Amino acid sequence: MTQPSFLVKVSRILLGAPRNLQSADTRQHLALTAFLAWVGLGADGLSSSAYGPEEAFLALGQHGQLGLYLAIATALTVFIIAVSYNQVIELFPSGGGGYKVATTLIGPRAGLLSGSALIIDYVLTIAISVAACVDALYSVLPIGLQPYKLPLELALVLLLMTLNLRGMKESVKVLLPLFIGFLLSHFLLIGYGIAAHGGRLPQLIPQTLQETGSMSGQFGSIFVIALLLKAYSLGGGTYTGLEAVSNNVNTLAEPRVRTGRLTMLYMALSLSFTAAGIIILYLLWDAQHVAGMTLNAVVFQSVLQDVGLGAGSLTMVLLLEAGLLLVAANTGFLGGPAVLSNMAVDGWMPRQFRRLSSRLVTQNGIVLFGLAALVILLASHGQVALLVVLYSINVFITFSLSLYGLCVYWWRNRQQKKALRRLALSMVGFLVTISILLVTVVEKFAEGGWVTMLITGLVVLLGYAIKQHYLMAERELRVIDKRLAETVPPLPEALPFRPDQDARTAVVMVGSKGRGTAMHTLLWIHRIFPNVFSHFVFVSVGEVDVERLAAEDGIERLHARMEDNLGQLVAYCQHRGWPAQYAFAFSADRVRELTDMAERLRSEYPNCVFFASQLMFDTWWARILHHQSAFALQDELLERGMQMVILPMKLSTIRTASSDLCSERKQQAADLLAGATVALEPSS
């Protein structure tokens, strides 16, 4: 066996050794318990208490007394959204969250919009969480160090990207101590802060009512309502992350629905207590904005000084807060590639994003989200106030579509038990989320809101164009498969294979596009090399992507389909007196597995030549959308001294040729396919 190259060795050091798909504990290793899911997926929501309450409270300006309304509304909203999303977990236990809900319950185009919003949302999850993390750290550093914030943010994104390329569970375990430390420190600070100034609590309600009446008399009730709506909407970042569990139910340990519901309960309780409690602290401790410090840092400093603790304790608290924000940024690397891969499965995004690495992670998606977050941070200079606006809009697009989809579902199934109660809950959730979305768009459209709407719109248009291309290609391939199948007469039972190691052997690489491409390769072998090859071996690797790994019987169904396709190709050859056999395997890395199989076949058949077809397109963007596995495999085999011929396959040419074949009588077509005369012209 050839020794791994230097680059492969380095990759394994950084990312870890490949995982065995056939291992019984592979799925268990990847699955998250409710507690680990709370850490890995729920941290996004909990960490938003570091910036969501602050943005909402500062929006009140000189009327901070109205913050009591915000505290109550925040806690209620968290529970309304969390309970509503429990329905998503129940209805879609295979995951997908907002994307699957909108696609299934409203329609594919709504799913495209929801998925596009989620993609941007998760990129912004990484960017805003890392930016807020660094803001927390710099709250205890000299203000003169502010220019060095951006390089640190970029370095943290690269660190998280590397952790996630190693595998999801490792990244969660590394960040677990930070999560626990945040919970303990913040819960204690909030509890003590409220208890220490508890004497002011009975006065808060009458003072708030008095302030409300005074403002209404001076400026009018509409002004008060508008101010509260503005502050409430700008605190929309507080609720981000609540959808992460429903998006990734497939990563949870069994029973998934129970695990998901328990995770949502943990998230709702912790977030409502933390976010509402921090707003109460702002009120009780008269928190005021200080340059270079977050509002959380200001109020925590006051509480710690009251206890008698110094600057070191504040540094520790903010380090833990920064740590949780780092955990939240990691959520973007968990949830974002999952949404992207689900959309790739449905053809809205390039299929490369449904592929898994040897570590069984969506490597392409992780890299894309990491690079996109770097671009966002550079463009925004890491300004949390700007990022939170972009963030909230996309989050509430998905929230609103998901809850509207639930409304549609329960209305259609209103005869079911408890359907009307769930419909009412979904409608309340929809009204809350759509209100926040509309107010945020109106208030912040000119201050950056238009940017996120433009970017999301461009992603939608891109997804639509990709889908149309894939539909066209699939229609063409189905027609070719059908026409080629019509030229093949019924086959008797295949003859036993009689191997001859000294014979010239053609090894045909069979892809996942059906028998048409393999038949095209076989025809061309006889066209270019008549009477040269007397043995044929059909080789295929079933690519295990996110869809098949998530499905309980995904690999079993793939196994059956591959055996059927390869078996018919072998039977076709043997019927014509050509000895043939097939071999197949499963892997997340198709090229690497095919290379290993080629090594074994060369040792068995020294006089073998490898063949594969490659779809060819006229435009560069169409070529990007399709696997270039044949070229990558050819490079690998050439390095190892093995010959490989790539036969170009242009759909328009093959369609014409297959149509010509079908116009002949069946016996003539059989003779053509047997190699007597082949009516195929070169495809490029």
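The values are calculated or read from the model by the stated rules, or taken from the named source; none is laboratory data. Keep in mind it's a predicted model, so treat the numbers as computed, not measured. Positions of Cβ are generated from backbone atoms using ideal geometry, with glycine treated the same way; all protein chains shown enter the neighbour counts. Note: accessible area is taken over every heavy atom of the protein model, side chains too, but ligands, DNA and RNA are not part of it. Shrake-Rupley method; radii C 1.70, N 1.55, O 1.52, S 1.80 Å.
Conditions tested, residue by residue: (1) outside any helix (DSSP H, G or I); (2) open to solvent by less than 10 Å² (accessible area, probe 1.4 Å); (3) farther than 27 Å from T456 by Cβ.
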position: Q62; (1), (2), (3): yes, no, yes
position: A73; (1), (2), (3): no, no, no
position: A82; (1), (2), (3): no, yes, no
position: V88; (1), (2), (3): no, yes, no
position: P93; (1), (2), (3): yes, no, yes
position: T104; (1), (2), (3): no, no, no
position: G111; (1), (2), (3): no, yes, no
position: A117; (1), (2), (3): no, yes, no
position: T125; (1), (2), (3): no, yes, no
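So if I check each of R557, R548, which one is at pLDDT below 80, in a helix (DSSP H, G or I), open to solvent by 70 Å² or more (accessible area, probe 1.4 Å) and in contact with a helix residue (DSSP H, G or I) (Cβ under 9 Å, 6 or more places away or on another chain)?
Every option except R557 fails the conditions.
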Checklist entry - Given the residues V303, V299, V249, V257, which is the only one that is within 25 Å of the chain's Cα centre (by Cα) and surrounded by 18 or more Cβ atoms within 10 Å (Cβ to Cβ)? => result V249
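Considering only helices (runs of 4 or more DSSP H) fully contained in the stretch 571-684, which possess at least 2 residues that are at pLDDT below 65 and open to solvent by 70 Å² or more (accessible area, probe 1.4 Å)?
Numbers: elements: 590-604, 620-624, 629-639, 651-663, 666-673.
Filter on the stretch 571-684 gives 651-663, 666-673.
Here's the yes/no breakdown for (1) touching a Pro at 6+ places or on another chain (Cβ under 9 Å); (2) among the small types (G, A, S):
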position	(1), (2)
L314	no, no
E321	no, no
V327	no, no
S341	no, yes
D346	yes, no
P350	no, no
Q383	no, no
F399	no, no
Y404	no, no
Item to check | Qualifying residue in the stretch 447-456 (condition: open to solvent by less than 30 Å² (accessible area, probe 1.4 Å), under 30 Å from G347 (Cβ atoms) and modelled with pLDDT of 90 or more) | outcome: yes
Checklist entry - For the stretch 393-410, how many residues are open to solvent by 10 Å² or more (accessible area, probe 1.4 Å) and out of contact with any Leu (no Cβ under 6 Å at 6 or more places or on another chain)? => result 4
Checklist outcome for this item: Residue set L390, L386; condition surrounded by 23 or more Cβ atoms within 10 Å (Cβ to Cβ) and over 22 Å from T104 (Cα atoms); output residue L390
Checklist entry - Which residue out of A244, A291 is open to solvent by less than 10 Å² (accessible area, probe 1.4 Å) and of a type in the set (G, A, S)? => result A244
Checklist entry - Which residues, counting only those in the stretch 207-222, are assigned to a helix (DSSP H, G or I) and open to solvent by less than 50 Å² (accessible area, probe 1.4 Å)? => result T208, T212, G213, M215, S216
